[in-house]
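Quick one: structure below, then a few questions.
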Amino acid sequence: MALKLKFENAEKIKYDVIFLKPHKRYKSIGLCDPPGCKKPKIWIDPKLKPKRELEVVIEECFHATCWDETEKRARKFAKELAKIIIETGWRKN
């Protein structure tokens with residue numbers, strides 16, 4: 001059974017966060033539906049290593065919140081925030 005969580009963006013749009021690899025046609029380890037979808041979802045590949053998983057979760061939540069930002073900016077933000085979180089002692093159980 002895939003892990004399912006919830007995420008609410010700044011506009012109060014609620015996303016289901018599903019730890020299930022996105023469909024292979026997307027060639028992606030994380031994917032975020034546009035905020036205009038009826039039931040938006042974020043998919044995260046559950047087989048990622050902890051650091052990469054954290055980066056992808058942050059990146060996809062960033063997309064859900066800042067949909068019009070570029071992929072490059074989302075990845076840079078996610079990588080930097082994950083680095084700070086890890087440096088403060090966070091570890092996945």
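The values are calculated or read from the model by the stated rules, or taken from the named source; none is laboratory data. Please read all numbers here as calculations on a predicted model, not as lab measurements. Here Cβ is always computed from backbone atoms with ideal geometry, including for glycine, and neighbour counts include all displayed protein chains. Note: areas computed on protein heavy atoms with side chains; ligands, DNA, RNA excluded. Shrake-Rupley method; radii C 1.70, N 1.55, O 1.52, S 1.80 Å.
The chain: longest stretch without exposed GluC sites (Glu not before Pro) (DSSP loop, at most 14 other Cβ within 10 Å), sites themselves excluded?
Working: sites that count: E11, E69.
So the longest stretch without any such site is 12-68.
Another one. First select every other residue whose beta carbon is under 12 angstrom from the beta carbon of E8; then total the charges, Lys and Arg +1, Asp and Glu -1. Provide the component values of the computation, followed by the final result.
Working: positive: K6, K12, K14; negative: E11, D16.
Residues close to E8 contribute a combined charge of +1.
Select one label from (i) -0.35, -0.56, -0.72; (ii) -0.60, -0.86, -1.01; (iii) -0.32, -0.50, -0.66: the one whose number is log10 I(q)/I(0) by the Debye sum over Cα atoms at q = 0.12, 0.15, 0.17 Å⁻¹ as derived from the coordinates shown.
Entry (i).
Can you give the extra length, in nm with one decimal, that the chain gains between K47 and D16 once fully stretched, where that is 0.36 nm per residue apart less the Cα-Cα distance? Could you put the intermediate results ahead of the total?
Numbers: separation 31, 0.36 × 31 = 11.16 nm, distance 1.85 nm.
Length difference between fully extended and current span is 9.3 nm.
Kindly work out what percent of the DSSP beta bridges joining two residues of the chain are antiparallel, to the nearest 5. Display every interim value, and only then the final one.
On the way: 8 of 11 bridges.
Antiparallel: roughly 75 percent of the beta bridges in the chain.
If you don't mind, there's one more thing I want to ask. Rounded to a whole number, what % of the accessible area of the chain do carbon and sulfur atoms account for, probe 1.4 Å? Walk me through the numbers on the way to the answer.
Values: 3920 of 6780 Å².
Roughly 58 percent, rounded to a whole number.
Also, quick follow-up: Please calculate how many Å² of accessible area the stretch 8-93 carries per residue, with a 1.4 Å probe and no DNA, RNA or ligand atoms counted. List each step's numbers first, then the result.
Working: 6010 Å² over 86 residues.
Result: 70 Å² per residue.
Rounded, prolate or oblate: which one fits the stretch 19-70, using the alpha carbon gyration tensor with axes a ≥ b ≥ c (rounded when a/c is under 1.5, else prolate when a/b beats b/c, else oblate)? Working shown, then result.
Values: a/c = 2.00, a/b = 1.36, b/c = 1.47.
Oblate.
In addition: If r is the Cβ-Cβ distance from H23 to W67 and R0 is 22 Å, what FRET efficiency results, to the nearest 0.05? Can you show the working numbers first?
Details: r = 20 Å, r/R0 = 0.91.
After rounding, the FRET efficiency stands at 0.65.
Around K83, with a cut-off of 10 angstrom between Cβ atoms, what is the net charge of the other residues, counting Lys and Arg +1 and Asp and Glu -1?
Result for the local shell: -1.
Compute the relative contact order of the chain as a whole-number percentage, counting only Cα pairs closer than 8 Å that sit 6 or more residues apart in sequence. Working shown, then result.
Details: 133 pairs, mean separation 20.4, N = 93.
Value for the chain: 22 percent.
If you filter the chain for chymotrypsin sites (Phe, Trp or Tyr not before Pro), then keep DSSP loop positions with at most 13 other Cβ within 10 Å, what is left? Please report the intermediate quantities before stating the final value.
Values: sites: F7, Y15, F19, Y26, W43, F62, W67, F77, W90; in loops: F19, W67, W90.
Those that pass, being in a loop and sparsely packed, are W90.
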